[in-house]
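The values are calculated or read from the model by the stated rules, or taken from the named source; none is laboratory data. Nothing here was measured: the structure is a model prediction, and the numbers come from that model. Here the Cβ positions follow ideal geometry from the backbone for every residue, glycine too, while neighbour counts run over all protein chains shown. For the accessible areas, the whole protein counts, side chains as well, though only heavy atoms, and no ligand, DNA or RNA atoms are used. Shrake-Rupley method; radii C 1.70, N 1.55, O 1.52, S 1.80 Å.
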Amino acid sequence: MSARALSLHRVAPEDWPALSALFDDLTFEQTLTYAQAAARRIGAEAEFICLQDPQGTPVAAACLRIKRVPVLSSGIAWIAGGPMIQPVDHPYPPPDLQQAIFSALRDYAQKAGHIMRLRLPAATAHDPAALDPIADAAGFQPTDRSPRQRTVIIDCAQDEDTLMQNLHGKWRNALRKALKSGLELDIAPISEAAERFQTLYQEVQTTKGFQTDIPPEFYYTLTGPDFSHDVLFARQGGVDIAGMTIGQAGRRAVYIFGATTQAGRRPNAGHFLMWHSILRCRDQGLRWYDLNGLDPEINPTVAQFKLRTGGTDLMAAGPYEFRPGGLKPTLVSAAETAHGYLKKARA
């Protein structure tokens, strides 16, 4: 496997939306809008980088959320849904270029003294089994310090009949019942409909008693040039009985939150909204619809609901970790462990 020389360049935040749009595997986690807010949430900083070949062509890009340890100049550099390595309308990068990308990121982390962790986006073009040895050759090892990501992705390029045929029989029957129940669809941007959705979400949360690591409120104020966020409502008799929030970045949409009240369960309002969200993605010319997470052990009912939509069950490559040499990474790990204990103690 021959090595390729890539140069690393830092990218100004205002230039990031145009650069990231050059990649087909862009997800909302790598948008300027989301990344900066996610970094602020944990007291980190967002840094944007581009890897270029000798001709100056971008071949990969990543937003790093860097959480530094006080006193130390280094810390943990986390890449969620990256690096992006699939340029739009270009062949998938060959193994030697993939290894050069990982090697350039390793060299960056070594020089900065950061522990680097990354999880690539879940994308149909990516092959985790092939990426594992490439990451290993560049010094990245699997880690359980960050969660793995399994999800379902629907191909929105299919026509409506094919999408309907791909549905599991029981899911399709539930949908047909919903379509005959007289439900009404309403769509609004999150900036106008956050309060409506929050009312539904709190009702369902109170009933089921669940908690989320990042609550819906975090997303309500996200506005920017590269991330849009809408809400689909199912209404019956002029009353909201279910809601679903959908984000959009690049050629991909992502399911973020859903809330179906007790009144919404009877007419299968969740199936109604999911189907209309699929059709809306297709009508908007989007390529993929990511159902954003799948965990059959923690939530088997939701996992089954997503799997029966006919999408592709995917596991993202990673997470991987690179630890540079020296004493600093040991101190960073110790600080991270201590922070984790304190967090649990306060919970």
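In whole percent, how big is the carbon plus sulfur part of the accessible area of the chain, probe 1.4 Å, protein atoms only?
Working: 8400 of 16240 Å².
Its accessible area is 52 percent carbon and sulfur atoms.
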- Task: List the residues of the range 223-238 whose backbone N lies under 14 Å from a point placed 7 Å from the Cα of ALA188 along the Cα-to-Cβ direction.
- Result: 230-236, 238
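Quick one: compute the contact order of the chain, relative version, from alpha carbon pairs under 8 angstrom and 6+ residues apart, as a percent. Write out the running numbers ahead of the final one.
Working: 651 pairs, mean separation 79.5, N = 347.
This gives 23 percent for the chain.
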- GNM top mover of LEU105, LEU279, LEU32 - the chain, alpha-carbon springs below 10 Å: LEU279
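Just reorder LYS180, LYS67, LYS306 by solvent-accessible area, largest first, 1.4 Å probe, all chains present.
On the way: LYS180 175, LYS67 85, LYS306 15 Å².
Heavy-atom accessible area, descending, gives LYS180, LYS67, LYS306.
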- Placing each pseudo-label 7 Å from Cα in the direction of the beta carbon, GLN284 and ASP15 end up separated by a distance in nanometres of 2.9
- Label model pair THR337, ASP96: point-to-point distance (7 angstrom along the Cα→beta-carbon line) in nm is 4.2
- Item | Folded to 0 to 90 degrees: helix 32-41 orientation relative to the chain principal axis, Cα | 80
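Expressed in nm to one decimal, what extension gain is obtained for the pair THR124 and GLN202 from 0.36 nm per residue of sequence separation less their Cα-Cα distance? Walk me through the numbers on the way to the answer.
Details: separation 78, 0.36 × 78 = 28.08 nm, distance 3.43 nm.
Separation in residues times 0.36 nm, less the Cα-Cα distance, equals 24.7 nm.
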- Each residue of the range 161-178 in order: what ³J(HN,Hα) in whole Hz does its phi give by Karplus 6.51 cos²θ - 1.76 cosθ + 1.60, θ = phi - 60°, with x for Gly and Pro? 4, 5, 4, 5, 5, 6, 5, 4, x, 5, 5, 5, 5, 4, 5, 4, 4, 5
- Pairs of lysines 8 or more apart, or on different chains, with alpha carbons under 28 Å: count those in the chain, would you? 17
- Message: Could you give each residue of the range 274-283 its phi-based ³J(HN,Hα) in whole Hz, using Karplus coefficients 6.51, -1.76, 1.60 with θ = phi - 60°, and x for Gly or Pro?
- Response: 4, 4, 5, 5, 4, 5, 5, 4, 5, 5
- Query: How big is the charge dipole of the chain about its Cα centre, in debye rounded to the nearest 20, if each Lys and Arg gets +1 on its Cβ and each Asp and Glu gets -1 on its Cβ?
  - Reply: 1060
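Kindly state, as a whole number, the per residue volume in cubic angstrom of the convex hull around the alpha carbon atoms of the chain. Each step should come with its number before you reach the end.
Working: hull volume 49.7 nm³, N = 347.
Once divided by residue count, the hull of the chain is 143 Å³.
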- Convex hull volume of the range 1-84 per residue (C-alpha atoms, cubic angstrom): 115
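Could you give the Stokes-Einstein D for the range 65-131 in µm² per second, using the C-alpha Kirkwood radius, 20 °C, 1.002 mPa s?
Numbers: Rh = 13.3 Å.
Once the numbers are plugged in, D ends up at 161 µm²/s.
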- Task: Give me the angle, in degrees from 0 to 90, between the Cα long axis of helix 328-346 and the longest principal axis of the Cα atoms of the chain, rounded to the nearest 10.
- Result: 30
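Starting from the alpha-carbon convex hull of the range 165-243, give the projected area averaged over all orientations, in nm². Could you put the intermediate results ahead of the total?
Details: hull surface 29.5 nm².
Answer in nm², one decimal: 7.4.
Could you give the accessible area per residue of the chain, probe 1.4 Å, as a whole number in Å²? All intermediate terms of the calculation are to be shown ahead of the outcome.
Numbers: 16240 Å² over 347 residues.
Solvent-accessible surface per residue comes out at 47 Å².
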- Any residue on another chain or 5+ positions along whose placed amide H is under 5 Å from the amide H of LEU294 is listed here as ARG150
- Message: Given R₀ = 45 Å, what would the calculated FRET efficiency be for ARG266 paired with VAL88, taking r from the Cβ atoms and rounding to 0.05?
- Response: 0.55
